[in-house]
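S.K.: The following block contains the structure, expressed as structure tokens.
The values are calculated or read from the model by the stated rules, or taken from the named source; none is laboratory data. None of the values given here were measured: they were computed from a predicted structure. Please note: Cβ atoms are built from the backbone with ideal geometry, for glycine as well, and neighbour counts cover all protein chains shown.
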């Protein structure tokens with residue numbers, strides 16, 4: 001499949017600006033994708049600057065190695081960002097990183113490739129794994145999970161009100177020898193099971209999101225990655241996170257808020273706000289969303305939100 005290297009990442013300028021890049025600094029792009037953010041970071045780095053980039057998708061890493069061949073300031077590693085601490089520690093970078101960027105969710109090249117099985121808009125194998133070499137595919141999970149587990153995943157990770165109906169339809173199809181093996185088959189089951197459809201939203205949107213999150217353990221990886229990023233940052237270093245749905249954003253928001261506060265005094269004990277203990281992070285500005293022009297050019301940017309925090313000195 002031909003790669004679209006001209007694709008512009010969501011909130012590119014805002015995210016790179018949020019990192020407050022110093023030319024001789026060391027930065028970590030925890031979600032390399034197709035290298036859009038990495039290229040913008042490298043443009044701001046001087047000869048002594050360094051960029052460590054991770055991606056769990058071997059296809060993304062292969063494209064990146066070709067695109068940035070000969071770029072000595074970049075180290076690209078095929079690894080999940082839930083392993084960023086081990087990757088950085090092996091290179092002596094713990095506590096020395098000046099900025100960590102996390103651009104969550106699935107990338108456009110992954111969505112646009114039918115063979116990856118992420119999108120109901122293009123029929124293909126029902127895979128959904130960000131690293132196709134590891135773990136269980138969506139089809140394999142749906143072939144073995146019981147109705148209660150499927151319903152829980154779709155409800156919890158997709159916030160789908162018809163989760164039980166959809167799970168029942170999947171299990172019924174499986175019992176009839178028609179377990180969904182392609183994205184088209186799963187989408188058709190969902191469409192048939194959902195009694196009311198939302199305007200301007202495909203009925204399978206929430207179900208596909210939920211199964212993808214489950215198969216890739218995305219929320220567990222996010223929680224682990226945030227904690228590790230905090231440990232890796234140097235004093236004054238920035239953490240910038242772009243999320244695309246409420247489940248991700250809630251985790252990021254609560255993490256940053258929790259670590260911006262120190263231990264709370266006992267209830268009923270009046271303590272002036274200025275005297276309250278501070279946590280290791282300082283919130284930087286307000287959450288940033290894409291402007292109208294960016295959303296018009298890239299509708300997938302509509303739900304994006306960028307949150308930024310800085311490690312206190």
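S.K.: Spot the failing condition for residue 33; the list is (1) at pLDDT below 95; (2) on the phi < 0 side of the Ramachandran plot, and only one is missed.
M.R.: Every condition holds for residue 33 apart from (2).
S.K.: Suppose the filter is surrounded by fewer than 21 Cβ atoms within 10 Å (Cβ to Cβ) and in contact (Cβ under 8 Å) with a residue 60 or more places away in the chain; does residue 78 pass it? Steps first, answer last, please.
M.R.: Details: surrounded by fewer than 21 Cβ atoms within 10 Å (Cβ to Cβ): yes; in contact (Cβ under 8 Å) with a residue 60 or more places away in the chain: no.
No.
Here is a yes/no grid of residues against (1) at pLDDT 85 or above; (2) touching a strand residue (DSSP E or B) at 6+ places or on another chain (Cβ under 8 Å); (3) surrounded by 14 or more Cβ atoms within 10 Å (Cβ to Cβ); (4) outside the structural domain of residue 233 (by TED's automatic domain parsing):
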{"site": "269", "(1), (2), (3), (4)": "no, no, no, no"}
{"site": "282", "(1), (2), (3), (4)": "yes, yes, yes, no"}
{"site": "286", "(1), (2), (3), (4)": "yes, no, no, no"}
{"site": "292", "(1), (2), (3), (4)": "yes, no, no, no"}
{"site": "299", "(1), (2), (3), (4)": "yes, no, no, no"}
{"site": "302", "(1), (2), (3), (4)": "yes, no, no, no"}
{"site": "305", "(1), (2), (3), (4)": "yes, yes, yes, no"}
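S.K.: Is it the case, given these coordinates, that residue 251 is outside any loop (DSSP other than H, G, I, E, B) and either within 26 Å of residue 184 (Cβ to Cβ) or free of Cβ contacts under 8 Å to residues at least 40 places away in the same chain (or both)?
M.R.: yes
Results for (1) under 30 Å from residue 311 (Cα atoms); (2) outside the structural domain of residue 201 (by TED's automatic domain parsing); (3) at pLDDT below 95; (4) touching a helix residue (DSSP H, G or I) at 6+ places or on another chain (Cβ under 9 Å), shown as yes or no for each residue.
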| site | (1), (2), (3), (4) |
| --- | --- |
| 45 | yes, yes, no, no |
| 49 | yes, yes, no, yes |
| 78 | yes, yes, no, yes |
| 90 | yes, yes, no, no |
| 127 | no, no, no, yes |
| 132 | no, no, yes, yes |
| 139 | no, no, no, yes |
| 143 | no, no, no, yes |
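S.K.: Please tell me if residue 229 is at pLDDT 95 or above and in contact with a strand residue (DSSP E or B) (Cβ under 6 Å, 6 or more places away or on another chain).
M.R.: yes
S.K.: Something else: Suppose we filter the stretch 97-138 for residues that are part of a helix (DSSP H, G or I) and buried (at least 19 other Cβ atoms within 10 Å of the Cβ); how many remain?
M.R.: First, pick out the residues of the stretch 97-138 that are part of a helix (DSSP H, G or I): 108-112, 114-116, 138.
Subset that is buried (at least 19 other Cβ atoms within 10 Å of the Cβ): 109-110, 116, 138.
Total meeting the criteria: 4.
S.K.: If we scan the stretch 168-190, do we find a residue that is under 23 Å from the mean Cα position of the chain (by Cα) and within 30 Å of residue 97 (Cβ to Cβ)?
M.R.: no
S.K.: Same structure again: Report whether or not residue 97 is in contact with a strand residue (DSSP E or B) (Cβ under 9 Å, 6 or more places away or on another chain) and in contact (Cβ under 8 Å) with a residue 12 or more places away in the chain.
M.R.: It is true that residue 97 is in contact with a strand residue (DSSP E or B) (Cβ under 9 Å, 6 or more places away or on another chain) and in contact (Cβ under 8 Å) with a residue 12 or more places away in the chain.
S.K.: Filter the stretch 141-161 for residues that are surrounded by 15 or more Cβ atoms within 10 Å (Cβ to Cβ) and touching a residue at least 60 places away in the same chain (Cβ under 8 Å) and give the result.
M.R.: 141, 142, 153, 157
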